[in-house]
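The values are calculated or read from the model by the stated rules, or taken from the named source; none is laboratory data. It should be emphasised that the depicted structure is a prediction, and the values quoted were computed from it without experimental measurement. Cβ atoms come from the backbone with ideal geometry, glycine included; neighbour counts cover every protein chain shown.
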Amino acid sequence: MHGVTIGAIIAILVYWEVREMFTSHSDRRRSPHPRIVKMAMRMLVPLIGVLLIGQLGTDFGFLSPWRGTATLNTVANIIGQGIFWSGVALAVWSREALGRHWAHAAEYQIVPGQELVTRGPYRWVRHPMYTALLMMFTGVQVILASWLVVLSLPLYGVMVWQGRKEEALLKKAFGDTYKEYQRRTGMIWPRLR
């Protein structure tokens, strides 16, 4: 029933790893993160992927206490699918917009020759890959009518924490240009004007 969604999660995980191998110019040895933080940051997305695949691949009825009528389930599925697939599209668009200027969050560094990318989804949001991950996670929880949707809030907190750390680094590298970019864009969600 959820085979296509599971396939999309696997494809995104593989896509991110392949893109990192062939386009990232970060130096893993140079990361200032402590080893445990690097491991946690590297494992976060794959662990979320495994959780989502596990949820979609099995019927955990106890995780979905508010499953209702067939109509309610259909509406939740349609809304959840919309959120999930929008997240998938945003993840690919964001990664492609960054190109060789991307460094894994675990590496926490400016890559040689890095430019400030403000095209694609970066016109509106400074961390659209984090937005995409939140959308994919939340979308699956809505599809399944799972109470695990509440985990979107701590996941959002982790994204904001990491985003702030990255932004401190980017301010050092790009100075006033980055501060102006911050003023006109949202961190995780587009800024309402």
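Residues that are of a type in the set (Gly, Ala, Ser) and assigned to a helix (DSSP H, G or I) within the stretch 107-156 comprise 120, 132, 139, 152, listed in sequence order. Taking the criterion of being farther than 21 Å from residue 41 by Cα and in contact (Cβ under 8 Å) with a residue 12 or more places away in the chain, the residues of the stretch 1-22 that qualify are 2, 5, 6, 8. Condition check for residue 57 on (1) at pLDDT 70 or above; (2) within 20 Å of the chain's Cα centre (by Cα): one failure, at (2). Inside the stretch 131-144, residues that are farther than 24 Å from residue 3 by Cβ and either more than 10 Å from the chain's Cα centre (by Cα) or surrounded by fewer than 23 Cβ atoms within 10 Å (Cβ to Cβ) (or both) make up a count of 0. For the stretch 116-130, check the following and say yes or no: at least one residue is among the small types (Gly, Ala, Ser), touching a helix residue (DSSP H, G or I) at 6+ places or on another chain (Cβ under 8 Å) and more than 21 Å from residue 52 (Cα to Cα). Within the stretch 116-130 (the criterion being among the small types (Gly, Ala, Ser), touching a helix residue (DSSP H, G or I) at 6+ places or on another chain (Cβ under 8 Å) and more than 21 Å from residue 52 (Cα to Cα)), the answer is yes, since at least one residue qualifies. Inside the stretch 145-157, residues that are among the aliphatic types (A, V, I, L, M) and within 11 Å of the chain's Cα centre (by Cα) make up a count of 1.
Residue-level check: of (1) among the small types (Gly, Ala, Ser); (2) surrounded by 15 or more Cβ atoms within 10 Å (Cβ to Cβ); (3) in a helix (DSSP H, G or I); (4) more than 12 Å from the chain's Cα centre (by Cα), residue 82 misses just (2).
If you go through the stretch 109-161 and pick out every residue that is farther than 30 Å from residue 58 by Cβ and polar (S, T, N, Q), you end up with 3. Restricting attention to the stretch 173-193, the residues that are over 18 Å from the mean Cα position of the chain (by Cα) and at pLDDT 90 or above add up to 11. The number of residues in the stretch 140-171 that are free of Cβ contacts under 8 Å to residues at least 60 places away in the same chain and not acidic (Asp, Glu) comes to 16.
Among the criteria (1) modelled with pLDDT of 65 or more; (2) touching a helix residue (DSSP H, G or I) at 6+ places or on another chain (Cβ under 7 Å); (3) more than 25 Å from residue 111 (Cα to Cα), the one residue 46 does not fulfil is (3). Scanning the stretch 67-113 for residues that are of a type in the set (Val, Ile, Thr) and touching a helix residue (DSSP H, G or I) at 6+ places or on another chain (Cβ under 6 Å), we see that the one that is modelled with the lowest pLDDT is 110.
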